[in-house]
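Engineer: Right, I'll just put the structure down here and ask away after.
The values are calculated or read from the model by the stated rules, or taken from the named source; none is laboratory data. Treat the numbers as computed from the prediction; the structure is a model and nothing was measured. Every residue, glycine among them, receives a Cβ derived from its backbone with ideal geometry; neighbour counts consider all protein chains shown.
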Amino acid sequence: MFFKKKRDQLRQMAESVPSWWHSIDLGRGVVTPGAKPAADLGAELAVLDLPPLKGKTFLDVGAWDGYFSFAAEGCGARRVVALDHYVWSMDLVAQVEYWQECQAKGIVPRPYETIPSIWRPGELPGKRGFDTAHAALGSRVESVVADFMTMDLDELGEFDVVLYKGVLYHMENPFAALRRVAKVTGELAIIETAAVLVPGFEHCAVWEFYEADELNFDPSNWWAPSSKALRGMCRAAGFARVETVYGDPAPSGTAPGEVVRYREIVHAWK
């Protein structure tokens, strides 16, 4: 990546996007005004514990604005593919306004893909951030607009390292999702997800189901696994070895049966 544009050009590019989720350093002191601060994203990148990527191929499923895709490119990956469709298909400003309206009224939001003013896959308004950062950075990251759960995985191909971050708990069928992740993984999948701990039931493979918007007031969230459930499902999906690299909290101070919600990251090896 080469920062060839002038500071004013980069600032104008960043300001041209109405909604940023990732704070991305475009160079020359210009950082996109993402809802997630750069320090938080840097910390998230660190706990992913990426392997050496020089010369590797890398797939980022659910890329959004592309922070982790561009980071993989910066780490020397020879080919990076950013794949998304859900976020890229949404008018994110309209989505936030609708969500805030529902919160004020105390009602559960309808699925965003059922609302025409929000869901616009023909225009891909949610991809503006990725495209703008891509142009500003002079990046060679490839973008693929597709639903990972229905697309032709043979056409997508296999990657040395697959990042599946912040996606699993949005899946109605998480086992099918992990099988598909395994199919495109050549060496390692890094899976980051919402997770649950139920003190006294650590020995059980537990999944918590969300009927509506119980998790973060988001109607697109469906399931969160316990640590044992996540590792077991990864193995059943086709991974030979699975290790937790972040999460798995101690239940101290928690009442029996009280659900603890947290984030977990596993490395799943083929």
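Engineer: Please work out which one of (1) in contact with a helix residue (DSSP H, G or I) (Cβ under 6 Å, 6 or more places away or on another chain); (2) under 14 Å from residue 248 (Cα atoms); (3) surrounded by fewer than 16 Cβ atoms within 10 Å (Cβ to Cβ) is the condition residue 204 fails and give its number.
Structural biologist: Checking residue 204 against (1) in contact with a helix residue (DSSP H, G or I) (Cβ under 6 Å, 6 or more places away or on another chain); (2) under 14 Å from residue 248 (Cα atoms); (3) surrounded by fewer than 16 Cβ atoms within 10 Å (Cβ to Cβ), the one that fails is (1).
Engineer: Tell me which of these residue 2 doesn't satisfy, since it passes every other one: (1) farther than 28 Å from residue 115 by Cβ; (2) among the hydrophobic types (A, V, I, L, M, F, W, C); (3) modelled with pLDDT of 95 or more.
Structural biologist: So the condition that residue 2 fails would be (3).
Engineer: Which residue is surrounded by the fewest Cβ atoms within 10 Å (Cβ to Cβ), if the candidates are limited to segment 148-193 and must be among the polar types (S, T, N, Q) and out of contact with any Gly (no Cβ under 8 Å at 6 or more places or on another chain)? So that I can check it myself, show each step before the final result.
Structural biologist: Step one: of segment 148-193, the residues among the polar types (S, T, N, Q) are 150, 173, 185, 193.
Still in the list and also out of contact with any Gly (no Cβ under 8 Å at 6 or more places or on another chain): 150, 173, 185.
Numbers: 150: 9, 173: 12, 185: 23.
The extreme case among them is 150.
Engineer: For segment 240-261, what are the residues that are modelled with pLDDT of 95 or more and within 20 Å of the chain's Cα centre (by Cα)?
Structural biologist: Going through segment 240-261, the residues modelled with pLDDT of 95 or more turn out to be 240-246.
Scanning segment 240-261 gives 242, 243, 244, 245, 246.
Engineer: Right, residue 145: within 15 Å of the chain's Cα centre (by Cα), crowded, with 16+ Cβ neighbours inside 10 Å and farther than 20 Å from residue 219 by Cα or not?
Structural biologist: Numbers: within 15 Å of the chain's Cα centre (by Cα): yes; crowded, with 16+ Cβ neighbours inside 10 Å: no; farther than 20 Å from residue 219 by Cα: yes.
So residue 145 fails the test.
Engineer: Being within 22 Å of residue 26 (Cβ to Cβ), acidic (Asp, Glu) and over 16 Å from the mean Cα position of the chain (by Cα) is the requirement here; does residue 101 meet it?
Structural biologist: Values: within 22 Å of residue 26 (Cβ to Cβ): no; acidic (Asp, Glu): yes; over 16 Å from the mean Cα position of the chain (by Cα): yes.
No, not satisfied.
Engineer: Cβ contacts < 9 Å: first residue assigned by TED's automatic domain parsing to the domain that holds residue 201 and of a type in the set (D, E, K, R), restricted to segment 211-231; second residue in a strand (DSSP E or B) and surrounded by fewer than 17 Cβ atoms within 10 Å (Cβ to Cβ), any location; separation 6+ or different chain. Result?
Structural biologist: Correct list of pairs: 231/243; 231/244.
Engineer: I've got another one for you. Looking only at residues in segment 88-101 that are crowded, with 16+ Cβ neighbours inside 10 Å and of a type outside the set (Ser, Thr, Tyr), which one is nearest to residue 34 (Cα to Cα)?
Structural biologist: Step one: filter segment 88-101 for residues crowded, with 16+ Cβ neighbours inside 10 Å, giving 88-92, 94-95, 98-99.
Going one step further and asking which of them are of a type outside the set (Ser, Thr, Tyr), we end up with 88, 90-92, 94-95, 99.
Details: 88: 16, 90: 17, 91: 16, 92: 12, 94: 17, 95: 16, 99: 18 Å.
Ranking the qualifying residues of segment 88-101, first place goes to 92.
Engineer: Considering segment 207-234 alone, what residues qualify as being farther than 14 Å from residue 260 by Cβ, surrounded by 20 or more Cβ atoms within 10 Å (Cβ to Cβ) and in contact with a Leu (Cβ under 9 Å, 6 or more places away or on another chain)?
Structural biologist: Passing the criteria: 223, 230, 233, 234.
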